[in-house]
Amino acid sequence: MIESITLSAVATYDTTTPEQLNGLSLFNFVFGSNGSGKTTISRVVADEAKFPTCKVTWKRGSKLQSFVYNHDFVERNFNQSAELKGVFTLGEKQLDTLAKIDAAKRELEKITTRIESLTQALQGEDGNGEKKGELATLEEKLKGKCWVQKQKFDEKLQGGFEGYRSSMEKFRAKVLQEQMSNTAVLLTLPELEKKSESVFGPTPTTEASVPAIDTSKILAHEMDPILKKRVIGKDDVDIAAMIKKLGNSDWVREGRGFYDVNGGVCPFCQRETPDAFAESLNEYFDETFVLDGKTIDDLATNYATEASRVQEQLDAIIVSPSRFLDVEKLKTEKELLDSTITLNNQRLASKKKEPSQVVELESLSNVCAAIRALIEAANSQVVAHNQVVVNLSTERATLTAQVWKFVLEELKTDLAEFKVAKDDLDKAISAMTGQIEKATEDKRKKTSELQTLEKQVTSVQPTIDGINALLKSFGFQGFTLANAASGTCYQLVRSDGTDAKATLSEGEKTFVTFLYFYHLLKGSDTDSGMTTDRIVVFDDPVSSLDSDILFIISSLIRGLFDEVRAGTGHIKQIFVFTHNVYFHKEVTYNPKRKNLAMMEETFWIVRKPGLVSKLDKQSTNPIKTSYELLWTEVRKANRSNLAIQNTLRRILENYFKILGGIDLDGLCAKFEGRERVICKSLCSWVHDGSHYAHDDLYISIGDTMVDTYLRVFREIFEKQQQHAHYKMMMGDDYVENPSITTTA
């Protein structure tokens, strides 16, 4: 049976706020005026597939065949068709076949019950419970844990999450997908963050390498042999022994310059020297001595030049450093380089001054190696960076995989627990699904077997006999139902055999069509399927019918109620929609009902106060008499401003004029001013029996004026000493001392 019907974005039902018939029972009664939205409900039940914005929820997911009597049924079966389809029913002569049909039907019901039970265990009442509900809860829990990881690392690693950052469900699905295929290298979070800065940041450009510093020449100068050579004169000269003994070769060399410019006079004792002394000096400081001196001079010059070049190159690097270079360390090493070069320059200057001394330079090899290592490390990063730029798409894909690998590692425990629980649920769901599929196949086979048995004993003649008997008993003598030439359809004929369909009155058409539908409920319009379980909808079945026929139809429908209660037929649920108060009272009559609705029934009111239909569930039968219905309109908070005047007038006519025999002509004299005008506008229709109102009594209706009309309406009862009746009819909506402000 149907548990609920949801209506949205169809006909007069709202798009944003769906209306719902829920908590439905065996018998469901919907009352509403024409055009309020009843037929829309019947159409949704008849063919839900045509209304994708609406939903019909079936108990345990078992959908039954829908039989819907509405305007569409009448149009399709009577107005558009020259003949009525035959209604096939089971015969009563082949008892053994009927017994087989009964047995097959019971087996089919057992299979259906098993399918419903398995479906219940698989997905619960609403399709989202039991095992599937457990799986959904498990997946929801994992989704939350995955999203925590996204939020935790999103600030630094969001480039790796691109495309999955705005949806918890997509992020969870991506995690599970990566779990199946990710083979990336696992990096630490700092490594990922550093790579992300360049790979996921603004599109990078290539970087220039740090210029290499050639220090080979300056290091080679440190090993020059001249530094350790004692540069002195010839040993075989007569003054050599004295110079050697005194160890003053450098002193003599310096004094020689003064001797040469002093005209052969000793610069120390100021005496004339013999020519032999001058020759001895020249021989002592021979060509070898001069060449060694020049070598020392060149070494000092070249060392200073090369050192200056290296220093200038390092200064240029420090002024415009690469972002990959550790410039602070480079500055420290350069400071050490500069101090060492200064010291070595001083030692070379000393060697120039005193060539006979042995000099050793401080080695620059360690500091140059440190500088070279810093530059090489920077250039390695430059090369890696430039490679990333060249292969950016590949690098991004690689880093993205590494980011997800890191997330998988963070979720390792949660994913392991999820897999164990999900595998167990998947096994259970798969097993239940397999059992449902097998039971469904068994149901298909049993249904086919049942249809084959039904074809052996079906006939359209019992329906002809049944409808004709009803027509005769209700006084329809001018036509009867007859078997058409095809043998599987009906036609309406006069006593002389002529076609009667085109000449039937509206009431006759309605009644014949209803009887046809009524018999269809007990059979099928094909030669099988007459034993399928079904739900039935009657949508205003008494239009254009006389009151006596109305009574007959309500009695036939109530007879179906008894079959449903007893479980003797194939109808499992009934809906009755109507706008006719009297038919509603007849069809809902149940002497066992005290006040509130019984467990087997629900009552609904469908209204259209504006342009949108509204469904209101009632705790008891809302329609007792038409007079009570009028008072219901008065009590409603969302009453129609356009219709309230006529509602108030009809109450006054029913209570005062028809029931009380009270002349209201003099009543308005008890009011003054504007209230007298309003009273006259209410009583004028009662007085002359029409909706006519004099032009001088016309008052436009707004919310404030409605309040005034209601106040005057109440005062009419009070001035006629009928306040107790007013209070009784207003019920819980009665207000003891209303304070209503009337705008003049």
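Looking only at residues in region 344-361 that are in a loop (DSSP other than H, G, I, E, B) and loosely packed, with under 13 Cβ neighbours inside 10 Å, which one is modelled with the lowest pLDDT?
First pass over region 344-361, keeping only residues in a loop (DSSP other than H, G, I, E, B): 354-361.
Okay, now just the ones that are also loosely packed, with under 13 Cβ neighbours inside 10 Å, so 358, 360.
Working: Val358: 81, Glu360: 87.
Step by step, filter region 344-361, then rank; the result is Val358.
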### Query
For region 583-613, how many residues are in a loop (DSSP other than H, G, I, E, B), modelled with pLDDT under 85 and either open to solvent by less than 10 Å² (accessible area, probe 1.4 Å) or touching a helix residue (DSSP H, G or I) at 6+ places or on another chain (Cβ under 8 Å) (or both)?
1
### Query
Which number in (1) open to solvent by 60 Å² or more (accessible area, probe 1.4 Å); (2) assigned to a helix (DSSP H, G or I); (3) within 26 Å of Asp733 (Cα to Cα); (4) at pLDDT 75 or above marks the one condition that Ala669 misses?
(3)
### Task
Only one of these is surrounded by 12 or more Cβ atoms within 10 Å (Cβ to Cβ) and not in a loop (DSSP other than H, G, I, E, B): Ile213, Ile226. Name it.
Ile226
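Looking at Lys455, Lys446, can you tell me which residue is at pLDDT below 90 and touching a helix residue (DSSP H, G or I) at 6+ places or on another chain (Cβ under 6 Å)? Full working, then the answer.
Numbers: Lys455 fails: touching a helix residue (DSSP H, G or I) at 6+ places or on another chain (Cβ under 6 Å).
Exactly one residue qualifies, and that residue is Lys446.
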### Query
Taking region 375-416 on its own, how many of its residues are open to solvent by 30 Å² or more (accessible area, probe 1.4 Å), more than 18 Å from Gln177 (Cβ to Cβ), of a type in the set (A, V, I, L, M) and modelled with pLDDT of 90 or more?
2
### Query
What are the residues in region 306-330 that are in contact (Cβ under 8 Å) with a residue 60 or more places away in the chain, part of a loop (DSSP other than H, G, I, E, B) and charged (D, E, K, R), if any?
Arg323
### Task
Please work out which one of (1) open to solvent by less than 50 Å² (accessible area, probe 1.4 Å); (2) modelled with pLDDT under 90 is the condition Arg323 fails and give its number.
(1)
### Task
Return yes or no: is Ser33 outside any strand (DSSP E or B) and surrounded by fewer than 16 Cβ atoms within 10 Å (Cβ to Cβ)?
yes
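In region 690-702, is there at least one residue being assigned to a helix (DSSP H, G or I), farther than 22 Å from Lys719 by Cβ and modelled with pLDDT under 80? Quick ask: steps written out before the conclusion?
If we filter region 690-702 for residues that are assigned to a helix (DSSP H, G or I), which is where we start, we get 695-697.
Still in the running and farther than 22 Å from Lys719 by Cβ: 695-696.
Next, only the ones that are modelled with pLDDT under 80 stay: 695-696.
Yes, the conditions are met somewhere in region 690-702.
Conditions (1) out of contact with any His (no Cβ under 6 Å at 6 or more places or on another chain); (2) under 21 Å from His519 (Cα atoms); (3) of a type in the set (Gly, Ala, Ser), marked per residue:
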{"position": "Asp540", "(1), (2), (3)": "yes, yes, no"}
{"position": "Ser543", "(1), (2), (3)": "yes, yes, yes"}
{"position": "Gly559", "(1), (2), (3)": "yes, yes, yes"}
{"position": "Asp562", "(1), (2), (3)": "yes, yes, no"}
{"position": "Val581", "(1), (2), (3)": "yes, no, no"}
{"position": "Asn595", "(1), (2), (3)": "yes, no, no"}
{"position": "Met598", "(1), (2), (3)": "yes, no, no"}
{"position": "Lys608", "(1), (2), (3)": "yes, no, no"}
{"position": "Asn621", "(1), (2), (3)": "yes, no, no"}
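Suppose we filter Lys132, Lys170, Lys143, Lys156 for residues that are open to solvent by less than 40 Å² (accessible area, probe 1.4 Å) and on the phi < 0 side of the Ramachandran plot; which single one remains? Step through it out loud before you land on a result.
Details: Lys132 fails: open to solvent by less than 40 Å² (accessible area, probe 1.4 Å); Lys170 fails: open to solvent by less than 40 Å² (accessible area, probe 1.4 Å); Lys156 fails: open to solvent by less than 40 Å² (accessible area, probe 1.4 Å).
The conditions single out Lys143.
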### Task
Return the total of residues in region 36-51 being outside any loop (DSSP other than H, G, I, E, B) and either on the phi > 0 side of the Ramachandran plot or not basic (Lys, Arg) (or both).
9
### Summary
Within region 174-187, residues in contact with a Phe, Trp or Tyr (Cβ under 8 Å, 6 or more places away or on another chain) and either in a helix (DSSP H, G or I) or open to solvent by less than 70 Å² (accessible area, probe 1.4 Å) (or both) come out as Lys174, Val175, Glu178, Asn182, Ala184, Leu187
## Note on the structure
Here the residues within region 553-582 that are in contact (Cβ under 8 Å) with a residue 24 or more places away in the chain, surrounded by fewer than 18 Cβ atoms within 10 Å (Cβ to Cβ) and hydrophobic (A, V, I, L, M, F, W, C) are Leu556, Val581
### Query
Which one of the conditions (1) within 17 Å of His570 (Cα to Cα); (2) modelled with pLDDT of 85 or more; (3) buried (at least 16 other Cβ atoms within 10 Å of the Cβ) does Glu107 fail to meet, given that it meets all the rest?
(3)
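If a residue must be of a type outside the set (A, V, I, L, M, F, W, C) and closer than 16 Å to Ser380 by Cα, how many such residues does region 317-335 contain? Even if it seems obvious, please write down each step before you answer.
So in region 317-335, the residues of a type outside the set (A, V, I, L, M, F, W, C) come out as 320-323, 326, 328-329, 331-335.
Filter again for closer than 16 Å to Ser380 by Cα, leaving 321-323, 326.
So the count comes out to 4.
What residue, of Phe78, Phe27, is surrounded by 17 or more Cβ atoms within 10 Å (Cβ to Cβ), at pLDDT 90 or above and either touching a Cys at 6+ places or on another chain (Cβ under 8 Å) or at negative phi (or both)? Please lay out each step first, then the result.
Numbers: Phe78 fails: at pLDDT 90 or above.
So the residue among Phe78, Phe27 that is surrounded by 17 or more Cβ atoms within 10 Å (Cβ to Cβ), at pLDDT 90 or above and either touching a Cys at 6+ places or on another chain (Cβ under 8 Å) or at negative phi (or both) is Phe27.
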### Message
Exactly one of these conditions fails for Glu675: (1) assigned to a helix (DSSP H, G or I); (2) at pLDDT below 65; (3) among the acidic types (Asp, Glu). Give me its number.
### Response
(2)
### Query
If you go through region 331-340 one residue at a time, do you hit one that is part of a helix (DSSP H, G or I), surrounded by 17 or more Cβ atoms within 10 Å (Cβ to Cβ) and either among the basic types (Lys, Arg) or touching a Pro at 6+ places or on another chain (Cβ under 7 Å) (or both)?
yes
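Give region 52-76 a look and list any residue that's farther than 12 Å from Ile5 by Cα and not in a helix (DSSP H, G or I), or say none. Can you show your working first?
Looking only at region 52-76, we keep the residues that are farther than 12 Å from Ile5 by Cα, and these are 52, 60-76.
Result: Pro52, Ser62, Lys63, Leu64, Gln65, Ser66, Phe67, Val68, Tyr69, Asn70.
When residues of region 480-490 are filtered for being touching a strand residue (DSSP E or B) at 6+ places or on another chain (Cβ under 8 Å) and at pLDDT below 70, how many remain?
Step one: of region 480-490, the residues touching a strand residue (DSSP E or B) at 6+ places or on another chain (Cβ under 8 Å) are 480-484, 488-490.
Of the ones still in play, those that are also at pLDDT below 70 are 483-484, 488-490.
Selection size over region 480-490: 5.
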### Message
Anything in region 289-314 that is open to solvent by 70 Å² or more (accessible area, probe 1.4 Å) and under 19 Å from Leu374 (Cα atoms)? List them, or say none.
### Response
Arg309, Glu312
### Query
Are any of the residues in region 199-210 modelled with pLDDT under 85, assigned to a helix (DSSP H, G or I), surrounded by 10 or more Cβ atoms within 10 Å (Cβ to Cβ) and within 56 Å of the chain's Cα centre (by Cα)?
yes
### Message
If the requirement is being assigned to a loop (DSSP other than H, G, I, E, B), touching a residue at least 12 places away in the same chain (Cβ under 8 Å) and closer than 29 Å to Gln722 by Cα, which of these qualifies: Asn641, Asn646?
### Response
Asn641
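The values are calculated or read from the model by the stated rules, or taken from the named source; none is laboratory data. Keep in mind that this is a model prediction, so the values were computed, not measured. A quick note on method: Cβ atoms are made from the backbone with ideal geometry, for glycine too, and the neighbour counts reach across all protein chains shown. When the accessible area is computed, the model is the full protein with side chains, heavy atoms only, and any ligands, DNA or RNA have been set aside. Shrake-Rupley method; radii C 1.70, N 1.55, O 1.52, S 1.80 Å.
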